[in-house]
Amino acid sequence: MSEAGKKRIIVADDEEGIRDVFSMIIESSFDHEILLCDCAASAIETIKKNPKIDLIFSDYNMGKDTGGDLYKFLKDKNLDIPFALCSTYSPEDIDGFEEFDTDHPHNAYFQKPFTSEEIVGHINKVCGEETIPTSEIQTFVRVNPERFMRLNQIKETFDVYIRLSKKKYVKIINEGESESFEVIDKYIKKGVDYIFLEWQKYEIFEKKSIEALFDKFEEQLATASNEELTENVLDSIEAIQGMVKNLGVNERTVELIDKVVDSTEKMISKSGNLDELLNLLKSKDGYIKDHGYLCSYVACSIAERMSWKTEGIWKKIITASLFQNISLEENELAMIYDLNSNEYKGLEDRVQTKIKMHPQDSVKIISDAESNFSEDTRKMIQNHHELPDGSGYPRGLNATNVAPLEALFILATNFAHSLIMTKDVDQINIIAQDYNEVYNKGNYKKPYQGFLKTFIKLIPPKD
Ligand SMILES: [Fe+2]
């Protein structure tokens, strides 16, 4: 063992993106040392230099050599290192892997694309769970305390904890206690950002809260002001985003997602103009939910104006809008659009990777077998940070490489972002001028024309 409890893990893959994903998965759950190699030869050198390697994750095809070369080296040298093959090839189909299953009790095969749960689970199995700082976090789910109070209209109390350190939680409220809000309020004033619920309780809390919000929304629909309705929808958006982040998409969440998308759709059809909407958002603080809502509004408005309102298109757009940043924990990270900005450059590598990967990580989160998110929705999310000149990420697609619906979504997500950052509708004309250079090309051309028709007419010409 390299250090008490700390293990050494080799990740061999010729694709930088995959190595990044591995680093991210391992770093977010473990304190183990990660040694990244871009080919079998480099992994072999690494093994020679390091006295103790505890686990290897390896791709098969790595350009100049293969995972088979690496595996042969382990066998020839009689090294007792568990080997996890991560590939589209199955070990049965590869020469040299005939005894793969019996060579080592912890040898394993992960078919690409693998999930982070599979990788974390395998590391737990091979390296032991006792060194994992997050093992206890899985028992608890964090909740924004203000939201907890706002949403907890179900008159049920829960055991509530705060976190003192990565491993240590302290209970501040007992289930059934009557003055729970006063206690939470006290902790908010002390600067506590999150309270924690046990996850089974969390599930009950979020599910009931969203249902309560939804019932209230239906009741309010005929009589309440747009302001109250928007507030309600934003609360349910935040709640469902939290729930999907914490519990993923499964039979418990999928029905609630539909309800929230539905109420967002109803609200958007009822909304007044952009000015009014921005004023409502101004008082709010959560970027991810505000941006999701505004992006829904902008993209749906353009689609309607362009007569693209085919069956189900609003639902697809709204779903993509609400879940595009679902893999990002912090509002601050979702607000970074420019990877050349100093803000981005000043971040740790791990966080930069998280930002760079967030479009496909978000797609992964919503692509669970139980979800019925459409291909259009997935593509909108996957490409939401691409740009017409090819300077976007993660793939650098140009103006003809994205479909018109994706182009519309990209324009809307950027426009919603700019509006939230400036909080000023008077800026629209200035933004629109910049957009002429950026978006008036390729498959963005039509959405851009739609954008002009939809939003520019709202602004009286300046004198
Ligand atoms: Fe994003």
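The table below gives the values:
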| read-out | value |
| --- | --- |
| Condition check for P145: in contact with a Leu (Cβ under 7 Å, 6 or more places away or on another chain) and either over 19 Å from I9 (Cα atoms) or in contact (Cβ under 8 Å) with a residue 60 or more places away in the chain (or both) | no |
| Subset of region 170-192 (residues that are out of contact with any helix residue (DSSP H, G or I) (no Cβ under 8 Å at 6 or more places or on another chain) and either among the aromatic types (F, W, Y) or closer than 16 Å to E146 by Cβ (or both)) | S180, E182, V183, K186, K189, K190, G191 |
| Test: S362 is in the same structural domain as N436 (by TED's automatic domain parsing), open to solvent by less than 60 Å² (accessible area, probe 1.4 Å), on the phi < 0 side of the Ramachandran plot and away from the ligand (no atom under 12 Å from the Cβ) | no |
| Filter result for I288 (within 16 Å of the ligand (Cβ to nearest atom), in a helix (DSSP H, G or I), touching a Gly at 6+ places or on another chain (Cβ under 7 Å) and open to solvent by 10 Å² or more (accessible area, probe 1.4 Å)) | no |
| Pair list, Cβ < 8 Å and 6+ apart or interchain, from region 370-397 residues that are part of a loop (DSSP other than H, G, I, E, B) to residues that are among the charged types (D, E, K, R) and away from the ligand (no atom under 15 Å from the Cβ) | E370/E251; S374/K316; P388/K441 |
| Residues that are under 24 Å from W314 (Cβ atoms), touching a Pro at 6+ places or on another chain (Cβ under 8 Å) and more than 13 Å from the ligand (Cβ to nearest atom), drawn from region 365-413 | P404, A407, L408, L411 |
| S307 being open to solvent by 40 Å² or more (accessible area, probe 1.4 Å), at positive phi and either within 11 Å of the ligand (Cβ to nearest atom) or hydroxyl-bearing (S, T, Y) (or both) | yes |
| For A320: the one exception among (1) open to solvent by less than 20 Å² (accessible area, probe 1.4 Å); (2) away from the ligand (no atom under 16 Å from the Cβ) | (2) |
| Yes/no for A416 being more than 14 Å from the ligand (Cβ to nearest atom) and either modelled with pLDDT under 95 or in a helix (DSSP H, G or I) (or both) | no |
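The values are calculated or read from the model by the stated rules, or taken from the named source; none is laboratory data. All values reported here derive from a predicted model rather than from experimental measurement. Positions of Cβ are generated from backbone atoms using ideal geometry, with glycine treated the same way; all protein chains shown enter the neighbour counts. In case anyone asks, the SASA skips ligands and DNA or RNA and just uses the protein heavy atoms, side chains included. Shrake-Rupley method; radii C 1.70, N 1.55, O 1.52, S 1.80 Å.
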